[in-house]
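K.L.:
Dropping the structure in here first, questions after.
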Amino acid sequence: MATVHLQADHRRFTGGEKVLQVQGDTVGELIQELERRYPGLGPLLTDGASVAINGELIPNGIFEKVDESTEVYFVAPISGG
Amino acid sequence: MTVTENPRRYKYVGTRPVRHDGLDKVTGKARFAADLDMTGQLRGAFVRSPHAHARIVSIDTSRAEAMPGVKAVVTGDDFADLDPTHPEFDMAVNLMARGEALYNGHVVAAVAAVTASQAAAAAAAVEVEYEPLPAVLTIDEAIAVSAPIANPTNRTLFSGDTEPSNLASVNEFGRGDVEAGFEAADIILEREFRTVAVHQGYIEPHACVADCGQDGKATIWASSQGHFAVRSKTAAALGWSTDRIKVIPAEIGGGFGGKTTIYLEPVAVLLSQKAARPVKIVMSREEVLRATGPAPATKITAKIGATNDGEITTLQSTMYFDNGSTKGFSALTGAMSVASYKLPNLQLHAIGTVSNTARSAAYRAPSAPQAAFAVETLIDELAQRLNMDPIDIRLQNAVVEGDATAMGAPHPKIGFVETLEAIKNSEHYNSPVPEGAGRGVGTGFWFNIGEQSSATVNLNEDGTATVITGSPDIGGSRASMALMAAEELGLAVDRITPIIADTESVGFTDITEGSRATFATGMAVVNACRELIGQLKQRAATIKNVDVEQVEWVDGAAVIEGQDPLTIPEITAMAKNTGGPLTATASLNAAGAGPSFAVHVADVVVDEETGETTILRYTAAQDAGTAIHPSYVEGQIQGGSVQGIGWALNEEYIYDSDGVMENASFLDYRMPVASDLPMIDAIIVEVPNPSHPYGVRGVGETGIVPPIPTLANAIAAATGVRMTSLPMSPPRLLAAISGNAGS
């Protein structure tokens, strides 16, 4: 279980919900659960977003462990110049 | 100079040795892609669209193929037919048009011939029949009701829409209640800002040599910011597997984001395959400016509210970024970069548009300078209206660790306050403003990224070391890798040789972008060195016949109580007796890149008869976390500042009404040169990043963010005119001062 923060373009799947409590032990499991609850959202979180966990940007972090105290933000992909 | 006390001190890290590649580069010995020549090599040339938007009715290559010296011709039909949802679709279509030419200069065919002049003549002989289509050249044209579609394959990112659109992406994010924020404000300011496309301006034009063998495999020598990406993008464009392509990195003469994508390599490979000879392609400067990625033009409206005591209560902004001919994330990135202030109420609309202009590419802290122009100008005006010091109002609202970024996630440990204080305490800021001049302040933020890197460290038989990575050296990273290895191993930095290896000689490494090389690749080097120290201790234990637990590694030597230390040369000399060569490899996907903040101050005078701005003094402070090689950190700060100054004062893509760039040369595209500039005084602030073993934050990008608002604010102080469109060139500034336009 973790607290998941979604961006505006994700919220069309969740009926406007911004912050959700989601079951799972890893970021990948959170995405699976979100896809189960909101079909179509999962691919956006897997391919179209980076993940910040407790303030630290994690690239490709689907296997990162989470627990009840974890704050997970799905943010837009960031690269650079 | 360094102003913030970094509690950690090192023997090698933080020193300023001559870079390992320096002598070759200053004597002309370093080999860039255009310097490479191979036996039997052909020269490639492109056929480019003269139209901003046109359907390609037919291409007849027969006359060109019959010309002297011509060995191969390729068109879009020779390339892989990627699905538009493929992540490399836009890149592939950009390097060779399929069906439609999407901008003036879009490649529609290419030829290879024995000489460059023969190739150029044959390219001119390729007969292309076009059906011109309506072109979209600006943001306003793209979003107009009933606008023609600029690119029929574009679908709006994040929208779920399936119909063609001129919107590349649409995002909205924020927090709190902006209307309540405006109600709580004593002062509200709102302005619209415009910027035009500008180029990265790297000295070295794009160049490559490709040699396709009879085994169906190709070797590419290329200048790029990431040769593994050259491999994967070339493979995607050709529909090949990556094992068929080997990329050998040439030296790179500047990239600044513009060489994170490719334009030449798949074309050169196909020409080489057809001709069965190596093919070299070198872009002209005109081609670089006309057809490689500029930074996006923008239209940004921003509205800010604050109380009379300087507390910012709310910010609302709509940001349009023109991606050029294909979709992209530029608008989103620009909005996300609004991350420097505690904004309890925030609403950002980020809208990317598509037009029939060259496909935009990353440019140093992509999209952040345009966004900072808007936000930092308004904050400066707030300070002015509230009679506050421009740094004090920023200090009052500055984010610290735990405060929310634009996307909501909290900032990690950052040094914005320390960087503001570095300028506030600087001699420059505390000196009187010269008579007739104006002083301006601006700030900038960039995320920085981690991503994947690999490194191998070999200890040679005489105790010297070779550090092998896959990150092209675009800003002194060889030196920084060697310094971190020196610190870890306890070896003098001149006994370490840093090497950048090809795609078959080192583990996968992502592009040098996002100011990541010293951070992420540096961490891989550190990890490899630590693995190597474990091996050194084991070998020392074998030599001394003790348990390895009795061995400590101290200042480059294995120390065992009661015995003489064993140095690295002493251990490597006996390597064959203790288990063979000493080598270690590490790879990682780095998390925890530390964001970097910059604060600049400038004094300018404006000639009110000509509109010319002269910068009298310029000081730039930036948080580097820990400066591994301070000279190259200063170089990054100065380089970013200069590029931002050019963007602010002179640079612009000028298109005619048909979408043809009218100033595609360095004579007419006016970048600053040394005589235009004062010394850029660089102040390195060190607030170590706790996620890196030496505290590194990337430094390559943030420096370009503050100059535009810094100079706009200085010009406002000098003239009383608030410039809200770029460039602030003499004719535009003169018109604004005269009350005719621009402010």
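K.L.:
Chymotrypsin sites (Phe, Trp or Tyr not before Pro), restricted to the range B:326-403: which are DSSP loop and have at most 15 other Cβ atoms within 10 Å?
P.N.:
Values: sites: B:329, B:341, B:363, B:373; in loops: B:329, B:363.
In loop regions of the range B:326-403 (DSSP not H, G, I, E or B), there are no sparsely surrounded chymotrypsin sites (Phe, Trp or Tyr not before Pro).
K.L.:
Note down the Stokes-Einstein diffusion coefficient of the protein assembly as shown in µm²/s, whole number, using a Kirkwood radius over alpha carbon pairs, 25 °C, and 0.890 mPa s. Write down the numbers at each step before the final one.
P.N.:
Working: Rh = 27.8 Å.
Answer, rounded: 88 µm²/s.
K.L.:
Right, next: Taking H as built 1.01 Å from N, whose amide H comes closer than 5 Å to the amide H of residue B:223, not counting residues under 5 places away?
P.N.:
The answer is B:33, B:207, B:250.
K.L.:
Within 10 Å of each candidate Cβ there may be at most 15 other Cβ atoms; applying that plus a DSSP loop requirement, which GluC sites (Glu not before Pro) in the range B:634-743 survive?
P.N.:
Here the sparse-neighbourhood loop sites are B:662.
K.L.:
Neighbour counts of other C-beta atoms within 10 Å: give me B:182, B:416 arranged from fewest to most. Display every interim value, and only then the final one.
P.N.:
On the way: B:182 18, B:416 28.
In order of increasing Cβ crowding within 10 Å: B:182, B:416.
K.L.:
Greater than 21 Å separation of Cα atoms is the criterion. Which listed pairs, B:233/B:327; B:11/B:544; B:259/B:327; B:246/B:274, meet it?
P.N.:
Values: B:233/B:327 17 Å; B:11/B:544 28 Å; B:259/B:327 18 Å; B:246/B:274 18 Å.
Correct reply: B:11/B:544.
K.L.:
Using modelled amide H (1.01 Å from N, peptide plane; none on Pro or chain starts), what sits under 5 Å from the amide H of residue A:57, excluding residues fewer than 5 places away?
P.N.:
B:592, B:593
K.L.:
Hey, another quick one. Hand me the GluC sites (Glu not before Pro) from the range B:310-413 located in a DSSP loop with no more than 16 other Cβ atoms within 10 Å, in residue order please. Don't skip to the end; give the middle numbers.
P.N.:
On the way: sites: B:311, B:376, B:381, B:401; in loops: B:311, B:401.
Loop-located and lightly packed - B:311, B:401.
K.L.:
For B:146-159, what's the mean count of beta carbons from other chains sitting within 10 Å of each residue's beta carbon? Can you show the working numbers first?
P.N.:
Working: counts 0, 0, 0, 0, 0, 0, 0, 0, 0, 0, 0, 3, 8, 2.
Across B:146-159, the average partner-chain Cβ count within 10 Å equals 1.
K.L.:
Let me ask you something else. Give me B:212, B:529 ranked fewest to most by other Cβ atoms within 10 Å of their Cβ, as a rough exposure proxy.
P.N.:
Final ranking by Cβ density, sparse to dense: B:212, B:529.
K.L.:
Short version: ³J(HN,Hα) in whole Hz for each residue of the range B:168-181, in order, from phi by Karplus 6.51 cos²θ - 1.76 cosθ + 1.60 (θ = phi - 60°), x for Gly and Pro, what are they?
P.N.:
7, 7, 9, 9, 9, 8, x, 6, x, 10, 5, 5, 4, x
K.L.:
Still on this structure, I have one more. Could you derive backbone 3J(HN,Hα) for the range B:710-717 from the dihedral phi with the Karplus parameters 6.51, -1.76 and 1.60 (θ = phi - 60°), listing whole Hz in sequence and x where the residue is Gly or Pro?
P.N.:
Once θ is set to phi - 60°, the couplings for the range B:710-717 become 4, 6, 4, 6, 5, 5, 4, 5 Hz.
K.L.:
Is there a simple number for the mean count of other chain Cβ atoms within 10 Å of the Cβ of residues in B:590-601, and what is it? Write down the numbers at each step before the final one.
P.N.:
Values: counts 3, 10, 4, 5, 2, 1, 0, 0, 0, 0, 0, 0.
Mean number of neighbouring Cβ atoms from other chains: 2.
K.L.:
I'd like the distance between the alpha-carbon centres of the range B:114-146 and the range B:344-412, rounded to an integer number of Å.
P.N.:
Using only Cα atoms to place each centre, the spacing works out to 36 Å.
K.L.:
What list do you get for B:35, B:309 if you sort them by fewest beta carbons within 10 Å?
P.N.:
B:309, B:35
K.L.:
Using only helices, what value at 222 nm comes out for chain B when you add -39,500 (n - 2.57) per DSSP H run of length 4 or more and divide by the total residues, to the nearest 500 deg cm²/dmol?
P.N.:
On the way: 20 runs with 197 residues, N = 743.
After summing the helix terms and dividing by residue count, I get -7500 deg cm²/dmol.
All of the numbers you see were taken from the coordinates with simple rules; none came from a lab. Bear in mind that the values here come from a model prediction, so they are computed numbers and not experimental data. With ideal geometry, Cβ positions are generated from the backbone for all residues, glycine too; neighbour counts draw on all protein chains shown.
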